[in-house]
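K.L.:
Right, I'll just put the structure down here and ask away after.
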């Protein structure tokens, strides 16, 4: 049933008068030049109008805007109408848009990959005929600027332009979200045009690259101009956006209702609340209590502090799991991405340095260069799980250094110099150097990652898969029971509530260190530094980086209890976790002490002292024997100083590799 325009305007006026009049006045008062209309309310009020809106959206939206102008209120000229909450039948995937959808109102969802600058766009222009003074208004709908061809008086061409109306416009590239794709499908993209209030500074934040959004709009065709300047028979598609709604929140944007808040406070007041939280992290994976506890603390995070001199202490904790194959690392990572909002999962060989930080690509939409954000920037204020860290190439891994410590990604390529914010928590997993841990070897030697990268992780957990009868039996029973009845291991706290709990803690709780906690951490730090060993070999058991890690862990522990104060108990929990990691990874059997250098520099303090002794010996022998020194003499001299032959060979090998000495002929050494 076709409605006349006058009838439409009248009906819309009644609808707005009865449902949206107060909102309209409020928006005028605030200075907002748009009105949000819920489609469901419109179809309840008048189904004919709703059908009309879906079938010929452009004319109908113009009719609504005209009906708004009829109200006797100042400032209602050029008011925009934004429609949301369309029926599910209007939802379409980007890949399924066809020519029959042109000029219909629908909504698509996806991930914003690129975004152009905001530029003015002409919507209509007025021209005057120099002969008869006739004024013509030409709407600018297509991509090229149109002038009137002839006037009523018979004149052709050369008209004077009086004025033109302009709006702000911006292009974004929307890509399909990966979760809706089936195997082997490439995600498709479409250009979206935002105009007017959709590019206001407030909406700008919502449409930054990496955000997931729903775009409500009208599908339009765009002529493709060939190189010769002629129009091609093929057309491009784009969406003229009517409204953009963000669908993915960070921890700080998750909405929490009063009922959920009650449940959250109940968990916090429960004496076993903390245990329940830890058990709900990954109930389907057996054991690993310490790791699950640290993952909970990682989700909570510490407090980000910006000091007066603009130096920032990060609040995000990074955790590295190094373990035997089949120990359930990937399963833990996958589970954590489900709990964390903006959680992303990337894996080893499929990751490039540009993909994890940021890339500079050619901007086809506007020409020139554009930044395309990588995984770490996209999940700022979220969490990234990097699986198979050891399989990444070393150049790509080194791209992560800055993002891990300073939480920024700097790019200087083409003509773009930019620093992107990447306030991301990283959870990484890797395999040991030879695929499995050697139970008798030193763990630190078997972690095949550069020391500079390892040092940026607050906690490192080696996961050894050693046969042990009672544990194996329990684990086998656990896994097999899960296969028998998959839904048996329900988390004690449902995933959705756990997610809200973490969000609530992050939004509302900013714990401060108490004197007791400060003392506890200081005592532990000093005790560890003092225990560094006596005599020639001084192991460094702990460095200031671990001190910061302790503070972050303590703050996260207080957050998990929804407490505004970091108590001694929290500090002890943090110390216990860090001590557990250091004992596993940094313990030096030769001295019986913890040596952070095993992790931080890759050379243990004992090895360093052996190298120093050998350098002295080579220097002394060179003055006696000249340039070429027999290796046997070096070994004999080292024995006199208490070094056995294996240690000497290992240290000489290191010196050769670093280029300090070389072998001019067999059995002899020379300094370079």
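Since every read-out is calculated from the coordinates, none of them should be taken as a lab result. The shown structure was predicted, so the numbers you read here are calculated from the model rather than taken from an experiment. Positions of Cβ are generated from backbone atoms using ideal geometry, with glycine treated the same way; all protein chains shown enter the neighbour counts.
K.L.:
Please find the FRET efficiency linking residue 338 to residue 150, where r is the Cβ-Cβ separation and R0 is fixed at 56 Å, and quote it to the nearest 0.05. Each step should come with its number before you reach the end.
P.N.:
Working: r = 64 Å, r/R0 = 1.14.
Calculated transfer efficiency: 0.30.
K.L.:
With the Cα gyration tensor of the chain in hand, give its eigenvalues times 5 under a square root as the equivalent ellipsoid semi-axes, listed largest first in whole angstrom. Walk me through the intermediate numbers first.
P.N.:
Working: eigenvalues 782, 209, 99 Å².
Sorted largest first and rounded, they come to 63, 32, 22 Å.
K.L.:
Return one number: the angle in degrees, 0 to 90 and rounded to the nearest 10, between the long axis of the Cα atoms of helix 631-640 and the longest principal axis of the Cα atoms of the chain.
P.N.:
For helix 631-640, the angle is close to 70 degrees.
K.L.:
While we're here: When a footprinting reagent is the concern and you count Cβ atoms within 10 Å, what order do 515, 564 take, fewest first? Provide the component values of the computation, followed by the final result.
P.N.:
Working: 515 8, 564 12.
Starting with the residue having the fewest Cβ neighbours, the order is 515, 564.
K.L.:
Kindly put 471, 95 in sequence by how many other C-beta atoms sit within 10 Å of each C-beta, fewest to most. Don't skip to the answer; put the middle values down first.
P.N.:
Numbers: 471 12, 95 16.
The order, fewest Cβ neighbours first, is 471, 95.
K.L.:
Helix-only estimate, please: 222 nm mean residue ellipticity of the chain, summing -39500 (n - 2.57) across DSSP H runs of length 4 or more and dividing by its residues, to the nearest 500.
P.N.:
-11500 deg cm²/dmol
K.L.:
For Cα pairs less than 8 Å apart in space and 6+ apart in sequence, what is the mean separation divided by the residue count of the chain, i.e. the relative contact order in percent? Present the calculation step by step, with values, prior to reporting the outcome.
P.N.:
On the way: 1152 pairs, mean separation 64.6, N = 672.
Once normalised by length, the contact order is 10 percent.
K.L.:
Simple spin-label model, 7 Å along Cα-to-Cβ: residue 530 to residue 352 in nm?
P.N.:
Each label point is offset 7 Å from its Cα along the Cβ direction, giving 5.4 nm.
K.L.:
Can you give me the angle between helix 258-269 and the longest principal axis of the chain, using Cα atoms only, in degrees from 0 to 90, rounded to the nearest 10?
P.N.:
10 degrees
K.L.:
Give the order of 247, 123 when sorted by the count of other beta carbons within 10 angstrom, beginning with the fewest.
P.N.:
Working: 247 12, 123 16.
Going from least to most buried by this count: 247, 123.
K.L.:
If contacts are Cα pairs under 8 angstrom and at least 6 residues apart, what is the relative contact order of the range 91-246 in percent?
P.N.:
Values: 315 pairs, mean separation 43.6, N = 156.
Over the range 91-246, the number comes to 28 percent.
K.L.:
Would you mind computing, in nm to one decimal, how far apart the modelled labels at residue 665 and residue 305 are, each placed 7 Å from Cα along Cα→Cβ?
P.N.:
Placing both labels 7 Å beyond Cα along the Cβ direction yields 6.4 nm.
K.L.:
Measure nothing but the geometry: give the 0 to 90° angle between the long axis through the Cα atoms of 469-484 and the longest principal axis through the Cα atoms of the chain, rounded to 10°.
P.N.:
20 degrees
K.L.:
Report the calculated FRET efficiency for residue 576 and residue 257 (r = Cβ-Cβ distance, R0 = 51 Å), to the nearest 0.05. Display every interim value, and only then the final one.
P.N.:
On the way: r = 36 Å, r/R0 = 0.70.
Plugging the Cβ-Cβ distance into 1/(1 + (r/R0)^6) gives 0.90.
K.L.:
Determine which residues of the range 35-49 fall in the zone a paramagnetic label at residue 26 would reach in this model, i.e. backbone nitrogen under 16 Å from the point 7 Å along Cα→Cβ.
P.N.:
What the label zone holds, given the 16 Å backbone N cut-off, is 35-38.
K.L.:
To continue, here is another question. Considering only DSSP beta bridges whose two residues both sit in the chain, what percent are antiparallel, to the nearest 5?
P.N.:
On the way: 64 of 93 bridges.
Antiparallel bridges: around 70 percent, rounded to the nearest 5.
K.L.:
Where Rh is the Kirkwood radius over the Cα pairs of the range 215-339, the temperature 25 °C and the viscosity 0.890 mPa s, what D in µm²/s does Stokes-Einstein return?
P.N.:
Values: Rh = 20.0 Å.
Calculated translational D: 122 µm²/s.
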